[in-house]
Structure formats: structure tokens, C-alpha cells
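Chemist: Take a look at this one; I'll ask things after.
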Amino acid sequence: MSGRLRVGVVGVGSVGSMALWRLARMGVQASGFDLYAPGHDRGAAGGESRIFRLAYREGRDYVPLLKAARDLWHELEADTRTRLLTPCGALTIGERSDPEVQEVLACLEEYELAGEVLDAPSARARYPQHTLAEDELVVLDRDAGVLRPEVGVHAAALLAEQLGAELHRYTPVEEIEPTSQGVRVAVRGGRAFQFDRVLLAPGPWASRLGLLRDVGIQAREIVMFWVRAREPREYLADRFPVAIRMGHLPFSCLPSLDGLTVKISLHGYERPQVDDPESLRRSVDHHLVNLLEEVIREKLPGLYGEPLRIGTYADGFTEDGHGVVGDVGPDPRIIALSGFSGHGFKLAPVLGEIGAQLATEGKSSLLIERLQPGRLLTRKTRTPTGRETGAA
């Protein structure tokens with residue numbers, strides 16, 4: 001290849017915006033294409049807040065990635081003069097015997113993370129907002145916090161442009177075709193672009209791309225509720241850390257950003273399939289509201305029972321709840337960054353870095369085994385339900 005490496009990024013959302021930024025930082029001739037504009041609320045990055053955590057119930061092998069992601073979040077904050085990550089800590093609440101609680105405890109021990117384990121009486125005294133049973137404990141991850149997703153995506157995309165990347169807003173991609181000269185990306189309006197490598201970061205639009213069909217990524221709905229606090233001061237970030245509840249009535253919740261409401265995401269139910277992310281429904285089934293009311297009544301009694309606002313979003317889910325990073329077909333010039341199943345935003349900068357390394361070097365020392373596409377390509381893919389992870 002002569003001249004600068006040319007890399008196209010299809011989808012400039014949670015991960016695509018970060019990949020575009022990292023490619024531009026490397027001096028690559030990078031171009032991004034998005035159906036809307038970076039920072040929109042149609043995909044997986046909506047909802048004003050997302051959880052960042054190091055003690056990771058989804059697997060301790062993620063911890064090195066999360067540490068790298070934290071450094072990159074701070075770099076993005078410094079380079080854009082934008083506050084994106086608010087430290088407040090995170091609580092994992094459940095019985096000690098719960099496998100996910102065990103994994104969080106293992107993260108603390110193996111990586112010597114800053115944390116603390118509280119029994120029920122101690123946790124009630126420190127965090128009276130939560131109702132705890134005698135056999136439950138609380139694991140505090142001190143390095144956790146709250147991310148601002150829409151602003152983060154927008155900041156990364158703008159910084160990429162400042163560093164020389166091209167960004168094609170409101171530009172639907174209609175075809176991606178390997179050729180002898182590279183990879184051709186055709187967009188609406190009859191235009192086409194030629195690249196040496198292409199990164200696919202389509203979020204919930206993954207099912208539209210035939211190149212990702214074999215890994216079985218399916219768009220699923222994510223619902224978030226904003227509920228008013230009876231004593232709002234008690235639910236600000238300095239008193240009310242992020243919390244993830246295991247066991248009966250699982251959910252995650254985040255401290256108030258507006259000084260009035262707390263955001264809650266319910267876990268443990270089968271998320272509805274989204275046939276078309278552009279036609280995502282804005283109402284939800286009443287049984288979810290009933291479930292929310294039960295959660296508040298039993299676990300968060302300091303909140304009013306009915307939501308003031310409901311938001312619906314979508315993400316691409318895989319069978320096992322872990323993302324797909326790498327080439328997924330016969331042509332290694334096309335690289336997937338997709339299927340992060342509702343828990344990818346916190347990792348977005350390091351996933352973008354991995355994508356940029358794969359596009360420029362063909363390998364990455366950061367990539368972990370459970371994100372390799374081969375695990376899904378080598379077995380018959382079942383329908384992903386989205387049960388196991390929340391938008392956290």
C-alpha cells in the first residue's frame with residue numbers, strides 16, 4: 001500500500017467514535033459514517049448516564065481492559081476539556097454465594113482493587129437508601145463512577161475531526177464490498193469510498209449487515225426509568241453510589257444527575273427484540289412498570305413508586321452476552337466491533353483502541369479471549385435473549 005493507511009468506520013456511536021479518535025491520533029486517514037450524528041439517542045449510548053466500574057461481575061479478565069479504558073476516558077476529558085467520568089463508587093449487592101458477587105470479590109482480590117466488603121448492618125448504616133436482608137452483603141468498588149454517554153460520543157467524534165478524520169453525518173451505508181484494491185463502502189446517494197481496512201461498529205444496526213450475520217448479533221430493547229426521590233439530597237453522587245443488585249428483583253441504579261430523579265434499569269427479564277432500531281418504540285409494556293414499582297417498594301423505599309420518565313434504547317446482543325472484536329468473515333480487512341450486549345459503553349475507548357490496532361497492525365495485545373469472534377463462529381448460534389446484562 002502506498003501513502004497513508006485508509007480506514008473506514010461504519011457507525012460512529014459508542015465504540016465507533018472512539019475508534020475514529022484513536023485512528024486519527026495515530027495519523028491514519030480515517031473516515032466515519034453514521035446514520036445520524038454522533039451523540040444521538042437512537043442507539044446504545046442514550047440515557048444521560050452509564051456506569052463505569054472495575055470490579056466486574058461479567059468476568060475478571062475484563063479488569064485490565066477497564067483500567068486501560070479509564071486512562072483513555074481521562075485522556076479524552078483532558079483533550080476536550082469536558083467532564084465525562086464522575087467518581088462516586090459502585091455497590092454490588094447480593095448474597096455472598098451468588099456467582100456474580102463471587103466474581104466481583106475475585107476482581108478485588110486478584111487485581112488488588114480499591115474496595116471494601118460490608119455486611120448488612122454496616123451497609124445499612126452507610127447506605128440507608130437500600131433495603132438489605134441479613135444474608136446480603138455489599139461490595140464497594142471505590143474506583144467506579146458515572147459516565148456521560150451522549151457527551152462522550154460527541155466529544156470523541158469532534159476530537160477525531162480536529163485530528164484530521166472525516167466524519168460523514170446522516171450518511172447511511174448501503175453496501176460494504178471487498179475488492180482487489182481494498183474495501184468499497186457505498187453510501188446513499190450513489191457515492192462510494194475505497195479503504196484499506198473497515199471497522200464495523202453498527203451497534204443495534206448489526207443485524208442489517210450480512211457480514212455480521214454468522215455471529216448472531218441481535219438488536220434488543222433497553223428500558224430506563226427516571227424516578228423521583230423523596231429526599232433528593234440523599235441520592236446525589238456524594239451519598240448514593242452506583243448500585244447493582246443481584247438475586248431477587250435484580251436491577252442497577254445511578255445517582256441523581258438532575259438533583260431530583262434516580263435512574264433505574266431492570267435486569268433479569270427477556271428484552272424484546274428490535275426489528276428496526278429506527279422504529280424503536282417509545283412506550284413499554286405495563287408489566288415492566290409493575291416490576292419497577294415492586295423494586296422500589298422492596299429495595300429502594302425512598303423513591304416514589306411511579307416513573308417520571310421512561311426511555312427506550314437498543315443495543316446489539318450476542319448469545320453469551322459478550323462483544324465481538326475481530327474479523328468475522330473470510331476477509332481480514334473487515335473488522336467487527338459489535339454486540340456488546342448492554343455493558344460496552346464503559347469499555348468504549350479501549351475497544352476503539354483495540355479496533356485501531358487491529359486495523360493498523362493486524363493484532364492487539366489488549367484483546368481478551370472472550371471477545372474473539374471464533375467462539376461464536378465455531379458453534380451453532382442460538383437466539384440471544386439479553387437476559388444476563390443490564391445497561392450498565
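Chemist: Select from Thr318, Thr82, Thr92 the residue whose mean-square fluctuation is largest in a Gaussian network model of the chain (Cα-Cα springs shorter than 10 Å).
Modeler: The residue that fluctuates most here is Thr82.
Chemist: Quick one: the Cα spread of the chain along its three principal axes, in angstroms, biggest first?
Modeler: Here the spans come out as 66, 44, 43 Å, largest first.
Chemist: Let's see if you can work this out: charge +1 on each Lys and Arg Cβ, -1 on each Asp and Glu Cβ, no other charges. What is the dipole magnitude of the stretch 300-348 about its Cα centre, in debye to the nearest 20? Intermediate results must be reported in sequence, preceding the final value.
Modeler: On the way: 3 positive and 6 negative charges, 48 e Å.
Roughly 240 debye, rounded to the nearest 20.
Chemist: When the chain is modelled as a GNM with alpha-carbon springs shorter than 10 Å, which of Val28, Val215, Val289 fluctuates the most?
Modeler: Val289
Chemist: At 222 nm, what helix-only mean residue ellipticity would the chain give, in deg cm²/dmol to the nearest 500, using -39500 (n - 2.57) for each DSSP H run of four or more? If you can, show how the numbers build up before the last one.
Modeler: Values: 8 runs with 94 residues, N = 392.
When only DSSP H runs of four or more count, the value is -7500 deg cm²/dmol.
Chemist: How big is the charge dipole of the stretch 6-132 about its Cα centre, in debye rounded to the nearest 20, if each Lys and Arg gets +1 on its Cβ and each Asp and Glu gets -1 on its Cβ? Write out the running numbers ahead of the final one.
Modeler: Numbers: 15 positive and 18 negative charges, 103 e Å.
Here the stretch 6-132 has a charge dipole of around 500 debye.
Chemist: Right, here's the next one. Looking at the chain as a GNM with Cα springs under 10 Å, which of Lys263, Lys363, Lys346 has the largest mean-square fluctuation?
Modeler: Taking springs between Cα atoms under 10 Å, the residue moving most is Lys363.
Chemist: Only Cα pairs under 8 Å and at least 6 apart count here; give the relative contact order of the chain as a rounded whole percent.
Modeler: 23 percent
Chemist: In debye to the nearest 20, how big a dipole does the chain give about its Cα centre with +1 on each Lys and Arg Cβ and -1 on each Asp and Glu Cβ? Walk me through the numbers before you get to the answer.
Modeler: Values: 47 positive and 54 negative charges, 178 e Å.
That gives the chain a dipole magnitude of about 860 debye.
Chemist: Just want the answer: with Cβ charges of +1 for Lys and Arg and -1 for Asp and Glu, which residue in Ser283, Leu140, Pro87 is farthest toward the dipole's positive end in the chain?
Modeler: Ser283
Each reported figure results from applying straightforward, stated rules to the coordinates on display, with no laboratory input. Bear in mind that the values here come from a model prediction, so they are computed numbers and not experimental data. Positions of Cβ are generated from backbone atoms using ideal geometry, with glycine treated the same way; all protein chains shown enter the neighbour counts.
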